[in-house]
Each structure stands twice: as C-alpha cells, then as structure tokens.
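The structure under discussion appears below in the form of structure tokens.
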Amino acid sequence: MKNARHSKAASSANEQRNYKPEPEQLSLLPPAELVATWPAADTLPAEVHDRLLTGERLTQPAFGTHRWRLAAYVKALGYLGWPVRSAPVHFPGRARPIAEYWYDPQTIAAARSMHGKGAA
C-alpha cells in the first residue's frame with residue numbers, strides 16, 4: 001500500500017511542475033496598474049530595462065558573459081516594481097536550461113505611457 005501512495009504523490013508532483021500560474025478566468029479582470037520606478041541612468045539594471053522595453057528576450061549569453069549575473073540586474077528591476085517575466089530555455093552547449101527574461105506587451109505599453117508622463 002505504501003508504494004501505491006508514493007506513486008500517486010509522484011504523479012501529483014509532476015502535475016504541479018506543469019502548473020501554469022495564469023488561470024484563464026483572471027484574464028477577465030482589468031490589468032493591474034504598473035507602479036514602478038525607473039532604474040538609475042547609466043547602470044546595468046538600466047541597460048537591461050532599456051533592452052527589455054524593446055521587446056528583446058534576454059539570456060545571460062545574449063546580455064554578455066563579461067558582465068556579472070543578469071539575474072541580479074533583473075532582481076534589481078523587480079525591487080523597483082518592474083514585472084519581469086522569466087522561463088527556462090535550452091541553450092546549445094549547456095546541459096541544464098538557462099533563464100530567459102522579458103517584459104510582456106502590457107508592461108512595455110504601460111512603461112511607454114509612464115515615460116510620456118515625465119518619468120525619467
């Protein structure tokens with residue numbers, strides 16, 4: 001009997017791993033207002049922010065391997081209120097997936113409207 005419970009638990013763990021955090025019913029709600037602060041100019045978080053605002057999807061190799069961890073700059077943007085999306089992607093020559101970061105189109109549009117209102 002213990003083995004039967006164990007296989008059921010393993011099955012539910014696999015289901016949780018494939019869980020998508022965006023349920024369809026929440027798409028009926030209006031998007032939350034973007035309340036974020038722009039990163040300081042001429043900093044690496046500002047460079048990441050500018051590149052994400054173009055719609056680019058960044059990985060560490062695309063950002064440049066001569067710099068410190070891209071994840072640290074993305075985390076800094078998160079602290080400033082920017083909702084950076086991420087997902088693991090497979091990269092040639094690497095055994096494990098690496099993170100890819102981007103802004104969704106709503107965030108880009110909201111940032112452009114904020115910038116038009118005098119945000120620096």
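The values are calculated or read from the model by the stated rules, or taken from the named source; none is laboratory data. Values in this document were obtained by computation on a predicted structure and should not be read as measured data. Note that each Cβ is placed from the backbone with ideal geometry, even for glycine, and that neighbours are counted across all protein chains shown. All accessible areas refer to the heavy atoms of the entire protein, side chains included, with ligands and DNA or RNA removed. Shrake-Rupley method; radii C 1.70, N 1.55, O 1.52, S 1.80 Å.
Here are the numbers for this structure:
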| item | result |
| --- | --- |
| Contacts under 8 angstrom Cβ, first residue in the stretch 60-87 being in contact (Cβ under 8 Å) with a residue 24 or more places away in the chain, partner open to solvent by 60 Å² or more (accessible area, probe 1.4 Å) and not in a helix (DSSP H, G or I), 6 or more apart | Gln60/Arg69; Pro61/Phe91; Val74/Ser86; Leu80/Thr37; Gly81/Val35; Gly81/Thr37 |
| Residue in the stretch 33-54 that is modelled with pLDDT under 85 and open to solvent by 70 Å² or more (accessible area, probe 1.4 Å) present | yes |
| The lone exception for Arg112 - which of (1) crowded, with 16+ Cβ neighbours inside 10 Å; (2) touching a residue at least 40 places away in the same chain (Cβ under 8 Å) it fails | (1) |
| Residue in the stretch 80-89 that is in contact with a strand residue (DSSP E or B) (Cβ under 9 Å, 6 or more places away or on another chain), open to solvent by less than 70 Å² (accessible area, probe 1.4 Å), part of a loop (DSSP other than H, G, I, E, B) and among the hydrophobic types (A, V, I, L, M, F, W, C) present | yes |
